[in-house]
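S.K.: Okay, here's the structure, questions in a sec.
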Amino acid sequence: MTRKINLRFLFFIITSIIVTEGSLFAQTADYPANYAKQPRFKALLYYSENVEEAHKEFAKDAIDFFTRLTDGDGYILEITTSLRNYDYDSLKDFNTIIAVNISPSDPEERLLFEKYMENGGGWIGFHAAAYNDINTGWPWFNEFLGCGHFYCNNWPPQPALVETDTSDSPVTKNLPSSFVAPATEWYQWQPSPRENPNVEVLLSLSDKNYPLGLKDVVFYGDFPIVWRNSNYRMIYLNYGHGDKCFSDATQNLLTINAFRYVVSLSPAGNPFWE
Ligand code: ZN
């Protein structure tokens with residue numbers, strides 16, 4: 001009797017496995033996920049230790065944030081404090097640079113970066129990664145950014161009401177039309193990137209923030225904070241000061257959207273699709 005039951009049980013198990021496998025196979029044909037079998041692309045996070053404390057705090061959080069995004073080997077993240085560790089051939093291997101509060105300052109690094117960007121390289125830059133003034137002496141950089149010099153900032157760092165300029169872009173996908181972004185120091189530029197016909201402004205600080213600041217107060221002015229220059233595979237994000245910039249889900253989504261967008265425009269093809 002026991003033996004008979006065991007045989008029946010065995011038959012049941014085998015039948016179940018066949019049925020389950022069959023339905024799994026049927027599922028894979030139109031399964032909605034596209035699982036990466038290996039890391040899909042490489043990103044280079046570029047930051048500096050020789051900057052003000054609040055910019056280092058942001059860099060520490062950015063390293064943590066982008067490292068967590070590699071979970072499951074989605075992509076390879078390399079971290080550096082100098083582009084001098086690379087020649088053009090090794091740099092072009094990276095689908096994008098994530099520039100965290102730094103831009104190249106020596107002539108060799110600048111030439112390498114120009115060559116990389118002029119040949120389809122990617123750049124997602126935060127906060128002081130776009131900082132430049134009359135002493136920077138790098139006209140190409142302004143052409144690349146699509147804006148003029150740093151003009152003014154609020155102080156101290158504070159949250160601000162952000163408005164999306166378009167809901168049509170993958171960068172603003174699923175963002176509300178306005179939200180309060182976490183505390184940061186906001187930079188305004190002169191001339192504004194909005195005056196550049198090659199620039200698409202994606203988000204701006206609302207006029208409703210004025211007067212913005214306590215010690216340094218911004219009273220007026222066009223205030224784009226996220227944009228892309230269509231002549232390059234780039235996106236600039238104005239936040240990046242202090243340890244609050246990754247504390248908000250909406251802004252984190254914006255950061256991921258921007259990163260994903262730059263990567264998806266790779267000249268070698270969109271790595272998120274087969
Ligand atoms: Zn700052």
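S.K.: Cα axis of helix 249-264 to longest principal axis of the chain: angle in degrees, 0 to 90, nearest 10?
M.R.: The angle comes out at about 80 degrees.
S.K.: Of all beta bridges DSSP finds with both residues in the chain, what is the antiparallel percent, to the nearest 5?
M.R.: The answer is about 55 percent antiparallel.
S.K.: Same structure, new question: Classify region 141-269: rounded, prolate or oblate, from the alpha-carbon gyration tensor (a ≥ b ≥ c, eigenvalue square roots; a/c under 1.5 rounded; otherwise prolate if a/b is larger than b/c)?
M.R.: oblate
S.K.: Another one. Using Cα positions and a limit of under 25 Å, work out the lysines in reach of Lys42, with same-chain residues fewer than 8 apart set aside.
M.R.: Hits, sequence-local ones excluded: Lys56, Lys60, Lys92, Lys115, Lys173.
S.K.: With each run of n ≥ 4 DSSP H residues scored as -39500 (n - 2.57), what mean residue ellipticity at 222 nm is computed for the chain after dividing by its residue count and rounding to the nearest 500 deg cm²/dmol?
M.R.: After summing the helix terms and dividing by the residues of the chain, the value is -9500 deg cm²/dmol.
S.K.: Which chymotrypsin sites (Phe, Trp or Tyr not before Pro) does region 194-271 hold that lie in a coil by DSSP with at most 12 other beta carbons within 10 Å?
M.R.: Within region 194-271, the qualifying chymotrypsin sites (Phe, Trp or Tyr not before Pro) (loop, at most 12 other Cβ atoms within 10 Å) are Phe219, Tyr220.
No lab work stands behind these numbers, since they all come straight from the coordinates. Note that the structure is a prediction, hence the values are computed from the model and not measured. Reconstructed Cβ throughout: ideal geometry from the backbone, glycine too, with neighbour counts over all protein chains shown.
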